[in-house]
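Below is one structure, written out as structure tokens; the observations come after it.
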Amino acid sequence: MNVKNVLIAGVGGQGTILAGRILAAVIAAAGYDLKVSEIHGMAQRGGSVVTQVRWGERVFSPIVPPGAADAVLAFEKLEALRWLPWLRPGGRMLVNDQRVDPMPVLTGAAVYPENAAALLAAAGAAVTFCDGIDLARRAGSAKAVNLVLLGLLSRHLEFSPAEWEQAIRQAGPEKYLAANLAAFRLGAI
Amino acid sequence: MRQLMTGNEAIARGAWEAGVRVATAYPGTPSTEITENAARYPEIYAEWSPNEKVALEVGLGASIAGGRALVAMKHVGVNVAADPLFTAAYTGVTGGLVLVSADDPGMHSSQNEQDNRHLGRAAKIPILEPADSQEAKDFTVAAFSLSEEFDTPVMLRITTRAAHSRSLVQLGAREERPLPPYSKDARKYVMIPAYARLRHTAVEARLAALRELAETTPLNRVEWGDKSIGIVTGGVAYQYVKEALPGASVLKLGLSFPLPRRKITEFAQTVAQLYVVEELEDFWETYLRAWGLPVRGKEIFPRTGELQPETVAAALAADTGRPSRLPTSPPPAVAGAEPPARPPVLCPGCPHRGLFYVLRKMRLIVAGDIGCYTLGCLEPLNSIDTTICMGASIGAAIGMEKTRGEEFARRLVAVIGDSTFIHSGVTGLIDAVYNNAQTTLLILDNRTTGMTGHQDNPATGRTLRGEWRERQEIDLARLCRAVGVNRVTTVDPFEMELMEETLRTELAAAEPSVVISRRKCALIDREAARPPLYVDQAECTGCFRCMRLGCPCLSRREQKAAISDQCVACGLCAQVCAAGAIKTTGEAQ
Ligand SMILES: Cc1ncc(C[n+]2csc(CCOP(=O)(O)OP(=O)(O)O)c2C)c(N)n1
């Protein structure tokens, strides 16, 4: 089997790290070799963050080269545009339909690309948008956007609902479990 | 059982398996989680030391007393710890002593990207470099054996990618190591010149022995493949080489220093084309060239920044004429401009924000330091003139004053965080008192070491093991008074007018003064968060003065200000709004 690559991109504080951990747990439980790379530090203070996940029989590099990602799971539209070049031809771009203005846009030094959907489509990417916040609210917690998006990603991966739910159970505290599972299921259908 | 671990978790695990008793550190990305994880093992005494120099001294003391010790820090921390390190290299060890240097190629969160293989070599100690989490654990265990066998501190060098990537690790059991009886050995541990001369000779003999070990140790291994290309590599660069040219012959150096000359020469002579792939400096390449080996390296691989699999692949493909294994078809790209950058920002409710707003408003010259507050250098706050290394703000301010005079000093402040002040600011303040500078120092006491993820420090009094006693807490105001500062004031940075007034008074004073800007970091002060404020659209005049705070919750919506639901109601924007248009949810409506 070739190595599979997924990027989870977003804004510091959006919960990308937990999403990456759950995905990694699912992969590890399935018996694959894997590497997960995430950068801590400065980037967490509201900056761009990305978790890179790679799995297969044997994985060497912890990072995904441009043009190699089977899927990019973007928690924010501008981040989808930023990581678009990492998508392989035929890969899936899965985007949370949310806009978070970075400081240069707030100060007027830069302009937020209004037409993210059109830009992504024009670049030839197979894009799915999802209103993660709305679905998360319906699941009982606006904070569970990361699980909605993980559900969305699960549609394009080989792992079974039981495998995902097992990993979700192990990942978080008991009190969020019901909302997390509900959010995941709403994203997965 | 194999477990998914970061390199840092694996190092902590390796230390535990190796029977380590003491783990010390000063936090610093990407090293911080090593000691946080070591602290979870009840058999290990773990501490946050005030700085890296003390951390290493405590580690060396543990070693002299016969226990194994792990000392961890980021690359620039080794500069701070260099003094004990260079002499610990002479004394050698009793219990194994391993210094983790976590380098940050690409400067994900650092002020430089120095390559600490140079420091390890300068100190004349062996350096091990793991390439994934399994090696991080195994090399940690190996480092302790090497340390005792060769009577030397050992450097374990990791990089951000190795430290923060997760991969599978086979766990082992802890090897309990009873303490040997303590025996005094002054010729080894008292480094007066007469004894140190003897030890220097021992250091040179040790290096020669380590060079021999390098020839045979399994830490350095050859993976024979296609002999038309041979690549000498190590650390994470090894992984990129395996992706780029899986069939090539590879000499992987796990022992980065000292190098096995015979092994490398033999490898070089067996392959047709020889490359060195290493991140940052041409550390190994320089040796190969000095030995007259025909090698290609930094003429095709970058010397700055983090290596990427695609850069390594492209350079090798271009130079060898073989197709790259990595994708070469142009990836999908957005038409037109690059997407705007998303730099980090001060969090909603951050106590540093109000302070920098005041500094900007007063148009002060600001000698800055390192911490979350360094973000005050970015627009729109843009109010920092210098950032060099931890603790440098105070010295820099004194130097500026001594160069340009007292008039200049009346417009000049130094700003430093609580953790940074304890780390290396106190001596700068002593200089201001002793050498009669009129420095105005702002200590940004947010009750935590924010930048590196909220570690406690001596000014909070809570230790890494979670203990707190009043007498363990360093009172910053008393400390400043004790070193001779007469003017010490504490101000809440949310009271911007009071802050401005205080600064005016203190800047006018012809002697050193300290203003402690004290308020808990918004991320640890959960009680402080209240429902978001809102902008009364009828009253907002669209002047956007509030936007000068650089708060990520504030934006422009159709010529009016708007507040997002991330707002924690710190109230700064309401303070600066001339129209009184920003209100709490309870008000008016
Ligand atoms: C020698 C050295 N050690 C460690 C670091 C990593 N580091 C940067 S700032 C900082 C401390 C920040 O804490 P504080 O001064 O309290 O400011 P805050 O981030 O809380 O605002 C640390 C540990 C460094 N840059 N240099």
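Scan B:354, B:368, B:321 and give me the residue that is away from every other protein chain (no Cβ under 13 Å) and over 32 Å from the mean Cα position of the chain (by Cα). Can you show your working first?
Details: B:354 fails: over 32 Å from the mean Cα position of the chain (by Cα); B:368 fails: over 32 Å from the mean Cα position of the chain (by Cα).
Just a single option satisfies the conditions, and that option is B:321.
Return the residues of the stretch B:1-40 that are within 16 Å of the ligand (Cβ to nearest atom), β-branched (Val, Ile, Thr) and within 12 Å of another protein chain (Cβ to nearest Cβ); say none if nothing qualifies. Before you say what the answer is, go through the steps one by one.
Initial filter on the stretch B:1-40 (within 16 Å of the ligand (Cβ to nearest atom)): B:8, B:24-36.
Okay, now just the ones that are also β-branched (Val, Ile, Thr), so B:24, B:29, B:32, B:34-35.
Those that are within 16 Å of the ligand (Cβ to nearest atom), β-branched (Val, Ile, Thr) and within 12 Å of another protein chain (Cβ to nearest Cβ): B:29, B:32.
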>> If I filter the stretch B:557-578 for residues that are closer than 30 Å to residue B:454 by Cβ, small (Gly, Ala, Ser) and assigned to a helix (DSSP H, G or I), do I get at least one hit?
In response: yes
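Identify all residues within the stretch B:457-476 that are open to solvent by 20 Å² or more (accessible area, probe 1.4 Å) and either in a strand (DSSP E or B) or within 15 Å of residue B:421 (Cα to Cα) (or both); write none if there are none. Outline the logic, then answer.
Within the stretch B:457-476, the subset open to solvent by 20 Å² or more (accessible area, probe 1.4 Å) is B:458, B:462-475.
Residues satisfying the conditions are B:458, B:473, B:474, B:475.
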Scan the stretch B:105-113 and give yes if some residue there is more than 16 Å from the ligand (Cβ to nearest atom) and not β-branched (Val, Ile, Thr), otherwise no. no
Residue B:43: passes all of (1) away from the ligand (no atom under 14 Å from the Cβ); (2) within 14 Å of chain A (Cβ to nearest Cβ) but (2)
Wholly inside the stretch A:1-116, strands (runs of 3 or more DSSP E) that include 3 or more residues that are more than 10 Å from chain B (Cβ to nearest Cβ) are A:4-11, A:48-56, A:69-74, A:87-96
Within the stretch B:163-178, of all residues that are among the charged types (D, E, K, R) and away from every other protein chain (no Cβ under 14 Å), the one farthest from residue A:59 (Cα to Cα) is B:177
Flagged pairs (Cβ under 6 angstrom, 6 or more apart or on separate chains; first in the stretch B:94-111, under 18 Å from residue B:18 (Cβ atoms); second open to solvent by 10 Å² or more (accessible area, probe 1.4 Å) and more than 14 Å from the ligand (Cβ to nearest atom)) are B:94/B:64; B:94/B:66; B:95/B:66; B:95/B:68; B:96/B:68; B:96/B:148
Matching residues in the stretch B:240-254 (open to solvent by 20 Å² or more (accessible area, probe 1.4 Å) and touching a strand residue (DSSP E or B) at 6+ places or on another chain (Cβ under 9 Å)) number 3
Among helices (runs of 4 or more DSSP H) completely within the stretch B:329-445, the ones holding 3 or more residues that are assigned by TED's automatic domain parsing to the domain that holds residue B:571, within 15 Å of the ligand (Cβ to nearest atom) and open to solvent by 10 Å² or more (accessible area, probe 1.4 Å) are none
Apart from one, (1) out of contact with any strand residue (DSSP E or B) (no Cβ under 8 Å at 6 or more places or on another chain); (2) open to solvent by 20 Å² or more (accessible area, probe 1.4 Å); (3) away from every other protein chain (no Cβ under 14 Å) all hold for residue B:135; the odd one out is (3)
Picking from B:72, B:89, B:81, B:102, the residue that is modelled with pLDDT of 95 or more, in contact with a helix residue (DSSP H, G or I) (Cβ under 7 Å, 6 or more places away or on another chain) and over 15 Å from residue B:31 (Cβ atoms) would be B:89
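So which residues in the stretch B:303-328 are assigned to a loop (DSSP other than H, G, I, E, B), in contact with a Leu (Cβ under 9 Å, 6 or more places away or on another chain) and open to solvent by 30 Å² or more (accessible area, probe 1.4 Å)? I'd like the intermediate steps shown before the answer.
Step one: filter the stretch B:303-328 for residues assigned to a loop (DSSP other than H, G, I, E, B), giving B:303-308, B:321-328.
Then drop every residue that is not in contact with a Leu (Cβ under 9 Å, 6 or more places away or on another chain), which leaves B:303-307, B:322, B:324-325.
Within the stretch B:303-328, B:303, B:304, B:322, B:324, B:325 qualify.
Quick one: in the stretch A:122-151, which of the residues that are outside any helix (DSSP H, G or I) and closer than 19 Å to residue A:171 by Cβ is nearest to the other protein chains (Cβ to nearest Cβ)? Give the derivation first.
Step one: of the stretch A:122-151, the residues outside any helix (DSSP H, G or I) are A:123-131, A:140-141.
Narrowing the set further to residues that are closer than 19 Å to residue A:171 by Cβ leaves A:140-141.
Numbers: A:140: 17, A:141: 14 Å.
Checked the stretch A:122-151; the qualifying residue nearest to the other protein chains (Cβ to nearest Cβ) is A:141.
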Only one of A:92, A:137, A:88 is in contact with a His (Cβ under 6 Å, 6 or more places away or on another chain) and surrounded by fewer than 24 Cβ atoms within 10 Å (Cβ to Cβ), namely A:92
Restricted to the stretch B:85-116 and to residues being closer than 17 Å to residue B:255 by Cβ and surrounded by fewer than 24 Cβ atoms within 10 Å (Cβ to Cβ), the residue farthest from the chain's Cα centre (by Cα) is B:89
Reported set for the stretch A:142-156 where residues are under 16 Å from residue A:25 (Cα atoms) and without any contact (Cβ under 8 Å) to a residue 40 or more places away in the chain is A:151, A:154
Restricted to the stretch B:53-75 and to residues being surrounded by fewer than 23 Cβ atoms within 10 Å (Cβ to Cβ) and under 20 Å from residue B:424 (Cβ atoms), the residue nearest to the ligand (Cβ to nearest atom) is B:53
Flagged pairs (Cβ under 7 angstrom, 6 or more apart or on separate chains; first in the stretch A:22-40, on the phi > 0 side of the Ramachandran plot; second at pLDDT 95 or above) are none
With criteria (1) within 16 Å of the chain's Cα centre (by Cα); (2) open to solvent by 30 Å² or more (accessible area, probe 1.4 Å), residue A:107 comes up short on (1)
Being within 30 Å of residue B:41 (Cα to Cα) and within 15 Å of the ligand (Cβ to nearest atom) narrows B:463, B:452 down to just B:452
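The values are calculated or read from the model by the stated rules, or taken from the named source; none is laboratory data. These numbers come from a predicted model, not from an experiment. All Cβ positions, glycine included, derive from the backbone under ideal geometry; neighbour counts span all protein chains shown. Side chains are part of the model used for accessible areas, which takes the heavy atoms of the whole protein and leaves out ligands, DNA and RNA. Shrake-Rupley method; radii C 1.70, N 1.55, O 1.52, S 1.80 Å.
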